Amino acid sequence: MDEESLRRKLAAIEALFAGATTTGEREAAEAARERILARLKAATETQPAVEYKFSLADEWQRRLFVALLRRYGLEPYRYRGQRYTTVMVRVPKRFVDETLWPQYQQLAATLRGWLDEVAERVIREVLQAEGGNVEEKTASPQLEPGS
């Protein structure tokens, strides 16, 4: 998948969560964003915002999640002493359950797949060897003292 394909797929995921019937270029993506913002506003009017703590696995997931929050006008933060991959946000529960978290999971899976594909290709081209999985053994050997 090239970068343009990745962009189209990420825009299509947003359109899916906005309830769009068509996927398109900038206009459809902006319309999808507007529908999601309207959904957020409706959720805010019927439910109070709740403080959520999201513990993300790595820097890429944190960046994606923060960008998604900011796209919808939400303000991510973290408290002093929290891990860098922890993101806090105040948002209605319904919006998290129905839109934000499912959309993030699909976006993260798509981005992770693309990053894995690129990394594997670069490793194969530069090192001229396959990366990936290693053989699994049935028992681990005893470690020597001082190892």
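The values are calculated or read from the model by the stated rules, or taken from the named source; none is laboratory data. In this text the structure is predicted, and so the values were computed from the model without any measurement. Note that we place each Cβ from the backbone using ideal geometry, even for glycine, and neighbour counts take in every protein chain shown. Note: areas computed on protein heavy atoms with side chains; ligands, DNA, RNA excluded. Shrake-Rupley method; radii C 1.70, N 1.55, O 1.52, S 1.80 Å.
So Y84 fits all but one of (1) free of Cβ contacts under 8 Å to residues at least 40 places away in the same chain; (2) part of a helix (DSSP H, G or I); what number is the exception?
Answer for Y84: the failing condition is (2).
Given the conditions (1) touching a residue at least 40 places away in the same chain (Cβ under 8 Å); (2) within 19 Å of R33 (Cβ to Cβ); (3) loosely packed, with under 12 Cβ neighbours inside 10 Å, which single one is not true for E75?
Here E75 clears every test but (1).
Look at region 34-63 and say how many of its residues are of a type outside the set (S, T, N, Q), assigned to a strand (DSSP E or B) and either in contact with an Asp or Glu (Cβ under 8 Å, 6 or more places away or on another chain) or open to solvent by 60 Å² or more (accessible area, probe 1.4 Å) (or both). If you could, list the steps in order and put the result at the bottom.
From region 34-63, those of a type outside the set (S, T, N, Q) are 34-43, 45, 48-54, 56-60, 62-63; that's our starting set.
Remaining after also requiring assigned to a strand (DSSP E or B): 49-54.
Keeping just the survivors that are either in contact with an Asp or Glu (Cβ under 8 Å, 6 or more places away or on another chain) or open to solvent by 60 Å² or more (accessible area, probe 1.4 Å) (or both) gives 50-51, 53.
The qualifying residues number 3.
Output the number of residues of region 78-98 satisfying the condition of being under 27 Å from W114 (Cα atoms), open to solvent by 60 Å² or more (accessible area, probe 1.4 Å) and either at pLDDT 90 or above or hydroxyl-bearing (S, T, Y) (or both).
3
Mind listing whichever residues of region 77-98 are under 15 Å from V66 (Cα atoms) and in contact with a Leu (Cβ under 7 Å, 6 or more places away or on another chain)?
Matches in region 77-98: T85, V87, V89, V91.
Take the conditions at pLDDT 90 or above and within 27 Å of R121 (Cβ to Cβ) and apply them to L68. Does it pass?
For L68, the condition - at pLDDT 90 or above and within 27 Å of R121 (Cβ to Cβ) - is met.
When you go through L107, L115, L69 one by one, which is the residue that is farther than 24 Å from S5 by Cβ and in a helix (DSSP H, G or I)?
L69
Just give me the residues in region 116-146 being acidic (D, E) and open to solvent by 100 Å² or more (accessible area, probe 1.4 Å), in sequence order.
Listed by number, the residues that qualify are E125, E130, E135, E136, E144.
Tell me, which residue of region 99-112 that is open to solvent by 40 Å² or more (accessible area, probe 1.4 Å) and touching a residue at least 12 places away in the same chain (Cβ under 8 Å) is nearest to T46 (Cα to Cα)?
For region 99-112, the residue satisfying everything is Q106.
T86 is checked against (1) in contact with a strand residue (DSSP E or B) (Cβ under 6 Å, 6 or more places away or on another chain); (2) under 22 Å from R39 (Cβ atoms) and fails just one. What number does that condition carry?
All conditions are met except number (2).
Return the pair list, or none, for Cβ contacts closer than 9 Å from residues in region 60-72 that are under 18 Å from E34 (Cα atoms) to residues that are in a helix (DSSP H, G or I) and of a type in the set (S, T, N, Q), at least 6 apart or on different chains.
Here the result reads L68/Q103; Y72/T99, each pair linking region 60-72 to a residue that is in a helix (DSSP H, G or I) and of a type in the set (S, T, N, Q).
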